[in-house]
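A.B. asks: Have a look at this one.
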Amino acid sequence: MKESKLSIPTFQRRHHTFALCLSFVLTAALHLLAVSHAAAGEIEPRAYGNAPVGVNFLIAGYGHSQGGLSTDSSSPLMDAHIRVDKVILAYARTLDIFGNPGKLDVMLPYSDLSGNAMVFGAYRERSVSGLDDPRLRISVNFVGAPVLAVKEFAGWQQELLVGASIQVSAPFGQYDSDKLVNIGNNRWFVKPEIGISRAWNRVTLELSTGAFIFSDNTNYFGGKKLEQDPVSSSQAHVMYSFDRGMWAALSATYDYGGRSTVNGVKNNDLQSNSRLGATFSMPIDRNNSAKLYASRGVSTRSGTDYDLVGIAWQYRWGNGL
């Protein structure tokens, strides 16, 4: 077995790798705590970490976001101010996918949205609660991440990992075609993504890029048809691992594309948006982990511009734990 590259006792090294396993799935749920309109702008450090197979994860989280919408001059919605309180429940399981470590996760969010804006020159308020669009994702690491049991995972060390994922969002959330701002989006999206992660002792660099591909919303505001070009989304994370399994991350995202068309008329709403975020994760015990995170928009050309803070809790079981 390869010796540790860190000058720390064996029991601390095992605690550290175990805690990274605890935090692996927790990151997958955090992006749903953003406002529902922003398919992009999601921040997920350690999305392409490794974890032992056959383990179940249950995640509960709360996020608060507030901000506005950057719209083009032709939009009927202007000067919007939106606040969203979101609760999420998620389940995930690590899998052996054709000899590679993978993961299946399902996320079910519930949102409380309130806000105000000028719509066609008139002041309007909106307050609504309901289910958000659920998401399902399958991911797999196909380079540098062996399939490991829980006992084997304690002695494994990451170097270079390469993985991919595909996520699907279903249009089951609350939606009212008479309103411009809703919790659900009344359309499907599919997001294929590829990621790479490289660890050097306590520091890990992770990069990923993907694209949100949308179906049409045939019952958009006023019964119109909304089409949208894909949105490319890239993320970069620099993470530092402390003793006893705690870690922190600084993150940046950049999203581009997504120009929309309503009833055949193209809008001037091409996205070119960036965000910065920070995350801190701490194991509580062998089965529990907690995470605090925050992010804010740096530059928003079109779309949702918001500040976000939140907390998430994860419990894991199975495979002899």
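The values are calculated or read from the model by the stated rules, or taken from the named source; none is laboratory data. Everything numeric here is computed off the predicted structure, so don't read it as measured data. Counting neighbours? That spans all protein chains shown, and the Cβs are built from the backbone with ideal geometry, glycine included.
A.B. asks: Filter the range 195-213 down to the residues that are in contact with a Leu (Cβ under 9 Å, 6 or more places away or on another chain) and not polar (S, T, N, Q), then identify the one that is farthest from Ile43 (Cα to Cα).
C.D. replies: Of everything passing the filter in the range 195-213, Arg202 is farthest from Ile43 (Cα to Cα).
A.B. asks: Let me ask you something else. Residues that are in contact with a helix residue (DSSP H, G or I) (Cβ under 8 Å, 6 or more places away or on another chain), in a strand (DSSP E or B), among the hydroxyl-bearing types (Ser, Thr, Tyr) and touching a residue at least 12 places away in the same chain (Cβ under 8 Å): does the range 227-245 have at least one?
C.D. replies: Within the range 227-245, one or more residues are in contact with a helix residue (DSSP H, G or I) (Cβ under 8 Å, 6 or more places away or on another chain), in a strand (DSSP E or B), among the hydroxyl-bearing types (Ser, Thr, Tyr) and touching a residue at least 12 places away in the same chain (Cβ under 8 Å).
A.B. asks: I've got another one for you. So for the range 104-125 (the condition being in contact with a Ser or Thr (Cβ under 9 Å, 6 or more places away or on another chain) and not in a strand (DSSP E or B)), does at least one residue qualify?
C.D. replies: No.
A.B. asks: Follow-up question, since we're still on this one. With the checklist (1) at pLDDT 95 or above; (2) closer than 22 Å to Ile43 by Cα; (3) not in a strand (DSSP E or B) in hand, flag the one item Gln158 doesn't pass.
C.D. replies: (1)
A.B. asks: Out of the residues in the range 31-74 that are touching a Pro at 6+ places or on another chain (Cβ under 9 Å) and assigned to a helix (DSSP H, G or I), which is modelled with the highest pLDDT?
C.D. replies: Leu33
A.B. asks: When residues of the range 165-224 are filtered for being modelled with pLDDT of 95 or more, assigned to a strand (DSSP E or B) and among the hydroxyl-bearing types (Ser, Thr, Tyr), how many remain?
C.D. replies: Residues meeting the conditions: 7.
A.B. asks: Against the conditions (1) more than 25 Å from Ala80 (Cα to Cα); (2) modelled with pLDDT of 95 or more; (3) more than 20 Å from the chain's Cα centre (by Cα), where does Ser251 fall short? Just the number, please.
C.D. replies: Exception for Ser251: condition (3).
A.B. asks: Of everything in the range 272-295, what is surrounded by fewer than 20 Cβ atoms within 10 Å (Cβ to Cβ) and either within 23 Å of Ile59 (Cβ to Cβ) or β-branched (Val, Ile, Thr) (or both)? Give them in sequence order.
C.D. replies: If the condition is that a residue be surrounded by fewer than 20 Cβ atoms within 10 Å (Cβ to Cβ) and either within 23 Å of Ile59 (Cβ to Cβ) or β-branched (Val, Ile, Thr) (or both), then Ala278, Phe280, Met282, Ile284, Asp285, Arg286, Asn287, Asn288, Ala290, Leu292, Ala294 are the ones that fit.
A.B. asks: Would you pick out the residues in the range 261-288 that are basic (Lys, Arg), over 19 Å from the mean Cα position of the chain (by Cα) and closer than 29 Å to Tyr240 by Cα?
C.D. replies: Passing the criteria: only Arg286.
A.B. asks: For the range 97-139, which positions are charged (D, E, K, R), surrounded by fewer than 19 Cβ atoms within 10 Å (Cβ to Cβ) and modelled with pLDDT of 95 or more?
C.D. replies: Result: Asp112, single match.
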